[in-house]
Amino acid sequence: PCGGAIPEELVSELKLSHEIIEREFDHLDLHIKNELIHRKGKGVVIWRDKFDHFITKKAIQKGAKVIDRSPCINVKPMDGGYKVLTPKDKLECRYLIAADGCNSTVLSSLGWPRYNSEDVALTVQYEMVMAPDLINDKFGEKIIHLFFGKDISKRGYGWIFPKTDIISVGWGCQLSLIKNTTKEFNYFIKSIKNLIKDAKKIKKVAHLVPTTIRNTLYSQNLFAIGDAAGFVDPLSGKGIAYSIISSEIAASIIKKYFNELNHPLIEKAYNKKLDRMFLSVLRKKKSIQPDVYSSDDSIIRFLNLWKNNRSSVIAKQLWEIN
Ligand SMILES: Cc1cc2nc3c(=O)[nH]c(=O)nc-3n(C[C@H](O)[C@H](O)[C@H](O)COP(=O)(O)OP(=O)(O)OC[C@H]3O[C@@H](n4cnc5c(N)ncnc54)[C@H](O)[C@@H]3O)c2cc1C
């Protein structure tokens, strides 16, 4: 379950093939109260199953062995590595990468804490069928829509991401601030009822997404990446690019230190590379997130800044001085 919006840069970096792309976008429409802010921003919308399959195939081409239908049910440390238990197998490894998302079984098996309710957002999403012509009429051919406001979500927002003939209609809010999920999600749906009245709901899913980075990201040959590590933008909830970048960083470090078990420099190298690529920016975003979502006026101030600036620049420079 994912909105599936990814930035243009990732499309070219991954050489994403055309059949994976459901729709391109070149603008974001930011709705709050009766205001509409039109922001430039290029990217594409994808279905996660197709996208994940595309990436998995790439990994196989590079020599990865995929063991399908074999979930990890437990992990035990052993001399010189880990033993990963699945319903059918016991797999032994020297290094382990926890890439199993927000509720990581790998990390909880090894005693790493689960996220608490302040550190995750709960999302609810409908998939709704709609004729492509109607999608273009209602939402614009190349526009994704975000809906803000304290009435819609105390810390989060709603969205409509049009795909080819389906629209993903979702809502997310920091879990600890939700009083009644159904009521709050339905309030959002009601607020956009005119936009979606010709769409037919075919699926409803709920999912958690972390909004806080873990304190520990590496320990004893074990790397946390992606949602398992909390690598998600706390302002927008996007995390696909960070999960890919963190996997590449972890893999490059393992390659370098493969024959030197638990080398003292691994943790430092991992943190340093993450920091340089995106982590320091995510931390800065996290530090302004409560203030950004503190009131409608504050959200509007953020959206007006976001119209002409990257959110990283807002977090690092503009939020404090404006
Ligand atoms: C509703 C919603 C909308 C979102 N929209 C966007 C968006 O538009 N753009 C964006 O960039 N980000 C978005 N995100 C965030 C994004 O989905 C995540 O940040 C991203 O998927 C993280 O990737 P990941 O590989 O770390 O984790 P996941 O995508 O959660 O993948 C974890 C994988 O591990 C597997 N797994 C889990 N447990 C086990 C186990 N025990 N054994 C084996 N395998 C296991 C799962 O099946 C899954 O394949 C959204 C999130 C949600 C919830």
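Laid out as a table, the results:
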{"read-out": "Contacts under 6 angstrom Cβ, first residue in region 37-61 being part of a helix (DSSP H, G or I), partner surrounded by 15 or more Cβ atoms within 10 Å (Cβ to Cβ) and among the aliphatic types (A, V, I, L, M), 6 or more apart", "value": "Lys50/Ile20; Phe51/Ile20; Phe54/Ile20"}
{"read-out": "Given (1) within 16 Å of the ligand (Cβ to nearest atom); (2) open to solvent by 50 Å² or more (accessible area, probe 1.4 Å); (3) in contact (Cβ under 8 Å) with a residue 40 or more places away in the chain; (4) of a type outside the set (Ser, Thr, Tyr), number of the condition Phe258 does not satisfy", "value": "(1)"}
{"read-out": "Residue list for region 65-102, restricted to those being open to solvent by less than 90 Å² (accessible area, probe 1.4 Å), assigned to a loop (DSSP other than H, G, I, E, B) and without any contact (Cβ under 8 Å) to a residue 12 or more places away in the chain", "value": "Val66"}
{"read-out": "The one condition in (1) over 20 Å from the mean Cα position of the chain (by Cα); (2) exposed (fewer than 14 other Cβ atoms within 10 Å of the Cβ); (3) under 30 Å from Gly80 (Cβ atoms) that Glu267 fails to fulfil", "value": "(2)"}
{"read-out": "Total residues in region 189-216, condition away from the ligand (no atom under 13 Å from the Cβ) and either outside any loop (DSSP other than H, G, I, E, B) or in contact with a strand residue (DSSP E or B) (Cβ under 6 Å, 6 or more places away or on another chain) (or both)", "value": "11"}
{"read-out": "Among (1) over 24 Å from Glu35 (Cβ atoms); (2) surrounded by fewer than 21 Cβ atoms within 10 Å (Cβ to Cβ) - the single one Val124 does not satisfy", "value": "(2)"}
{"read-out": "From the options Lys154, Lys197, Lys204, Lys150, residue that is more than 21 Å from Ile6 (Cβ to Cβ), in contact with a Phe, Trp or Tyr (Cβ under 6 Å, 6 or more places away or on another chain) and surrounded by fewer than 20 Cβ atoms within 10 Å (Cβ to Cβ)", "value": "Lys204"}
{"read-out": "Conditions (1) closer than 30 Å to Phe302 by Cβ; (2) at pLDDT 95 or above: number failed by Lys33", "value": "(2)"}
{"read-out": "Residue satisfying all of: in region 103-121; open to solvent by 20 Å² or more (accessible area, probe 1.4 Å) and in a helix (DSSP H, G or I); farthest from Ile213 (Cα to Cα) among these", "value": "Ser109"}
{"read-out": "Of all residues in region 219-231 being in contact with a Lys or Arg (Cβ under 7 Å, 6 or more places away or on another chain) and part of a loop (DSSP other than H, G, I, E, B), the one that is farthest from the ligand (Cβ to nearest atom)", "value": "Asn221"}
{"read-out": "In region 174-188, the residues that are among the charged types (D, E, K, R) and in a helix (DSSP H, G or I)", "value": "Lys183, Glu184"}
{"read-out": "Some residue of region 242-255 being on the phi < 0 side of the Ramachandran plot, within 12 Å of the chain's Cα centre (by Cα) and either touching a residue at least 60 places away in the same chain (Cβ under 8 Å) or surrounded by fewer than 19 Cβ atoms within 10 Å (Cβ to Cβ) (or both)", "value": "yes"}
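Here's the yes/no breakdown for (1) within 12 Å of the ligand (Cβ to nearest atom); (2) open to solvent by less than 30 Å² (accessible area, probe 1.4 Å); (3) within 17 Å of Glu141 (Cβ to Cβ):
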site	(1), (2), (3)
Pro7	yes, no, no
Ser17	no, no, no
Ile20	no, yes, no
Asn34	no, no, no
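The values are calculated or read from the model by the stated rules, or taken from the named source; none is laboratory data. Quick caveat: nothing in here was measured; it's all calculated off a predicted structure. With ideal geometry, Cβ positions are generated from the backbone for all residues, glycine too; neighbour counts draw on all protein chains shown. Just so you know, the surface numbers come from the protein's heavy atoms only, side chains and all, with ligands and any DNA or RNA stripped out. Shrake-Rupley method; radii C 1.70, N 1.55, O 1.52, S 1.80 Å.
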